[in-house]
Amino acid sequence: MRLQINKSAIHIIQGDITQQNTDAIVNAANSSLMGGGGVDGAIHRTGGPSILAECKEIVKKQGRLPTGEAVITTAGNMASKYVIHTVGPVYKDGKSNEPQLLANAYRNSLTVAAEKKLETLSFPAISTGIYGYPVDDATEIAFRTVIDFLREHTQIILVRFVLFDDRTFSSYQQALTRLRAQIYGEE
């Protein structure tokens with residue numbers, strides 16, 4: 001399922017982000033950048049030790065990555081060229097700046113990709129796993145942020161959301177159907 005924004009496309013699929021061949025994949029990282037569970041662990045395991053080595057150098061130079069910020073490394077053994085690491089917020093109550101921090105994670109990842117002159121990018125559903133962000137709320141923030149970015153920046157031609165489980169894919173599918181209806185007048 002796709003949504004066209006200017007010359008850019010937003011696409012959703014259910015699958016494994018480590019298997020994507022976009023210019024970059026986004027890692028829902030923790031602030032230490034040392035790997036962990038979920039998407040973060042899968043990316044570090046699949047990409048191999050070069051990703052961890054680069055992450056250690058980044059942390060050595062600038063310290064832990066703050067929530068909402070993003071940095072880039074190579075992708076090691078994966079088909080993508082790069083991994084953009086971003087830290088999403090841990091969900092508390094929705095009133096502790098979580099929406100803004102989640103939007104920043106998406107926006108800063110897109111900014112890093114544009115600065116690197118990348119054209120294609122794959123995102124997971126940031127913060128919706130162990131960080132506990134409600135999937136439906138996170139989906140709305142993800143789409144709104146990406147659409148706003150693509151309306152102003154034409155460098156990126158494809159943003160793919162790669163969703164691991166049925167529940168998350170269904171939430172993204174429903175939100176994309178609503179957006180298509182709003183934008184294109186489809187039912």
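The values are calculated or read from the model by the stated rules, or taken from the named source; none is laboratory data. On a predicted model such as this, the values are computed, not experimentally measured, just so you know. Quick reminder, even Gly has a Cβ in these numbers, built from the backbone with ideal geometry, and neighbours come from all protein chains shown.
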- Message: Please go through the range 39-70 and give me each residue that is under 18 Å from Gly129 (Cβ atoms) and polar (S, T, N, Q), ordered by number.
- Response: Thr46, Thr67
- Query: What number of residues in the range 115-136 are part of a loop (DSSP other than H, G, I, E, B) and either more than 12 Å from the chain's Cα centre (by Cα) or at negative phi (or both)?
  - Reply: 14
- Give the residues of the range 1-29 that are modelled with pLDDT of 95 or more and of a type in the set (S, T, N, Q), sorted by residue number. Ser8, Gln14, Thr18, Gln19, Gln20, Asn21, Thr22, Asn27
- Query: Looking at Gly185, Gly129, which is the one that is surrounded by fewer than 24 Cβ atoms within 10 Å (Cβ to Cβ), out of contact with any Lys or Arg (no Cβ under 8 Å at 6 or more places or on another chain) and without any contact (Cβ under 8 Å) to a residue 12 or more places away in the chain?
  - Reply: Gly185
- Item | Residues that are within 18 Å of the chain's Cα centre (by Cα) and either buried (at least 18 other Cβ atoms within 10 Å of the Cβ) or touching a residue at least 24 places away in the same chain (Cβ under 8 Å) (or both), drawn from the range 168-182 | Thr168, Phe169, Ser171, Tyr172, Gln173, Ala175, Leu176
- Item | Members of the range 140-167 found to be farther than 19 Å from Lys117 by Cβ, in contact (Cβ under 8 Å) with a residue 60 or more places away in the chain and buried (at least 16 other Cβ atoms within 10 Å of the Cβ), listed by number | Phe143, Ile147, Phe161, Val162, Leu163, Phe164
- Within the range 50-72, identify whether any single residue is of a type outside the set (Gly, Ala, Ser), closer than 23 Å to Lys117 by Cα and touching a Pro at 6+ places or on another chain (Cβ under 9 Å), and answer yes or no. no
- Quick one: would you say Thr139 is among the β-branched types (Val, Ile, Thr), more than 19 Å from Ile17 (Cβ to Cβ) and in a helix (DSSP H, G or I)? no
- Item | Counted residues, the range 32-47 - those being over 16 Å from the mean Cα position of the chain (by Cα) and under 11 Å from Val83 (Cβ atoms) | 2
- Out of (1) among the charged types (D, E, K, R); (2) at pLDDT 95 or above; (3) out of contact with any helix residue (DSSP H, G or I) (no Cβ under 6 Å at 6 or more places or on another chain), what's the single condition that is false for Arg180? (2)
- Message: Kindly evaluate Arg160 against the criterion of being of a type in the set (D, E, K, R), out of contact with any Gly (no Cβ under 6 Å at 6 or more places or on another chain) and outside any helix (DSSP H, G or I).
- Response: yes
- Item | Residue count, the range 127-147 (criterion: among the hydrophobic types (A, V, I, L, M, F, W, C) and under 14 Å from Val159 (Cα atoms)) | 4
